[in-house]
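In what follows, a single structure is set out as structure tokens and then discussed.
The values are calculated or read from the model by the stated rules, or taken from the named source; none is laboratory data. Given the structure is predicted, the values throughout are model-derived calculations rather than measurements. Methodologically, a virtual Cβ is constructed for each residue, glycine included, from the backbone with ideal geometry; neighbour enumeration extends over all protein chains shown. Just so you know, the surface numbers come from the protein's heavy atoms only, side chains and all, with ligands and any DNA or RNA stripped out. Shrake-Rupley method; radii C 1.70, N 1.55, O 1.52, S 1.80 Å.
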Protein chains: 2
Amino acid sequence: MQTRSEETRTHLLEAALRRFASVGYNAASVDDICAAAGVSKGAFYHHFPSKQALFLALLNAWLETIDSGFQAVRQETVPETLRAFTGLLPAIFAAADGHLPMFLEFWLQASRDETVWQATIAPYQRYQQYFTTLIQQGQTEGSLRPELDAPAAAKTIVGLAIGLLLQRLLTDDANWEKTAHASMEILLHGLMQNDSSGEKP
Amino acid sequence: MQTRSEETRTHLLEAALRRFASVGYNAASVDDICAAAGVSKGAFYHHFPSKQALFLALLNAWLETIDSGFQAVRQETVPETLRAFTGLLPAIFAAADGHLPMFLEFWLQASRDETVWQATIAPYQRYQQYFTTLIQQGQTEGSLRPELDAPAAAKTIVGLAIGLLLQRLLTDDANWEKTAHASMEILLHGLMQNDSSGEKP
DNA sequence: AAAAAGATACCGACTGGTCGGTATCTTTTA
DNA sequence: TAAAAGATACCGACCAGTCGGTATCTTTTT
């Protein structure tokens, strides 16, 4: 059971998530968030030193869910792992559906705010490192083309993932998931050693 | 020669671009922009009905430069055209360097404002259509794999372009251009009919 | 061609309202 | 009953947009 204090904190976080997602960081005022949480402004500033601090708390929670997803997808071969990763994307972001604009908001804040930038750039580099290692592993096991520049290929994967997510933001594409899979298949075809192997059954 | 009125308008546009780029759309106040332009607030509202209208003027100017770039890259074969397109990317966005966060911010706002949405979504769909046609053309000429889903492949290309640009936003990667080329080569490898053909000399 | 009349461009003080944050007081918890 | 948590009133800064009025350029009239 949560104490009343913990409940208030949770209510504030959830309300902030909702408000940020629907109207954006700037437009969602502290009063706004407090009203949505059914809590006073005094309570807000008791739990968080600033609006930005609450924002960062949300950001970290978000990043942790992504990280934990990464742990779960390891498969037998690297191409299979990459396919599993694609299958993961909709799951991660369907759960946070409607929060996608916030993803952009984070990014934007990061590009202009030193504090947020630190919190954003670190996990980003971690993801990039993750895929670089994965690709090198695929080259070792012989499933991926050996002449690939592993860091560049990693950036390609991460870039494609981000780009697809943004497109989903812009167009309410019903079968976005299908597009994501098709894209990853094209990319895999470009990464893999020989074209006949590793195809879907 | 510009009339005084035209000069004022130009000054406002240039100053707004500078202010939006450095502090963002919301943070750049109208007073701010007027000060940077060396012009009064009255002049501002004489030339533009609102702050948003001025932004749309900037957005359209930028989109036109992209569109004109698209016209210039047509090559002999489709893979060559795609490579030329990649070579174009740095040029387009070096021109708009530092302005990217501002467009991102506006994009975000676009997703919540019906009027702005129209001005933003239209060019995006135009680009997607452009690449869909290009890919179908490549399938006809035999350079691209016939089993490709052309619209999905187009989304992949556009998505990758957007994703790479956003990555560039976060990391001030010195040889981003090289990465972009490597990415496109991987993608091309996944799109093309046979792997031996169409390689760079 | 000079004066009058009108249109366009521009100025800057002002308004009505919002916002993040603080100070102070009250209630709950342990 | 002391400390933690929450409520309320309030502050100073800021901001998009307005408005009455002035300067400058263009057209018409004489």
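Bin all alpha-carbon pair distances of the range A:1-48 at 10 Å intervals from 0 and give each bin's fraction as a whole percent.
Reading upward from the zero bin: 30, 55, 14, 1.
Pull up all non-local amide H partners of A:Leu144: gap of 5 or more, or a different chain, and H-to-H distance under 5 Å with H placed in the peptide plane.
A:Gln139, A:Gln193
Work out the length of the dipole vector of chain A about its Cα centre, built from +1 on the beta-carbon of each Lys and Arg and -1 on the beta-carbon of each Asp and Glu, and round it to the nearest 20 debye.
I would put it at about 420 debye.
Roughly what angle does helix A:51-72 make with the longest principal axis of chain A, taking Cα atoms, 0 to 90 degrees, to the nearest 10?
Rounded to the nearest ten degrees, it is 30.
What Kirkwood Rh does the protein assembly as shown have if only Cα atoms enter the pairwise 1/r average? Answer in Å.
23.0
Given a 1.4 Å probe and every protein chain left where it sits, what share in percent of the accessible area of chain B is carbon and sulfur?
It is 53 percent, rounded to a whole number.
Plugging the Kirkwood radius over Cα pairs into Stokes-Einstein for chain B, at a temperature of 20 °C and a viscosity of 1.002 mPa s, what D comes out in µm²/s?
Answer, rounded: 114 µm²/s.
Any idea what angle helix B:114-141 forms with the longest principal axis of chain B, computed on alpha-carbon atoms, 0 to 90 degrees, nearest 10?
On a 0 to 90 degree scale, this one is about 20.
State, in square angstrom and to the nearest 100, the accessible area buried between chains B and A, both chains counted, probe radius 1.4 Å.
3800
Run the numbers for B:Asn60 and B:Glu7: contour at 0.36 nm per residue of separation, minus the present Cα-Cα distance, in nm.
So the chain would gain 17.2 nm between B:Asn60 and B:Glu7.
So what's the net charge close to B:Thr156: Lys and Arg +1, Asp and Glu -1, counting the other residues with Cβ under 11 Å from its Cβ?
Spelling it out: positives minus negatives among the neighbours equals -1.
For the Cα atoms of chain B, what angle does the longest principal axis make with the long axis of helix B:150-170, in degrees from 0 to 90, nearest 10?
50
Let me know the mean shielding of A:168-178 by other chains, meaning the per-residue number of their Cβ atoms within 10 Å of its Cβ.
2
What average count of beta carbons from other chains do you get within 10 Å of the Cβ of residues in B:23-30?
2
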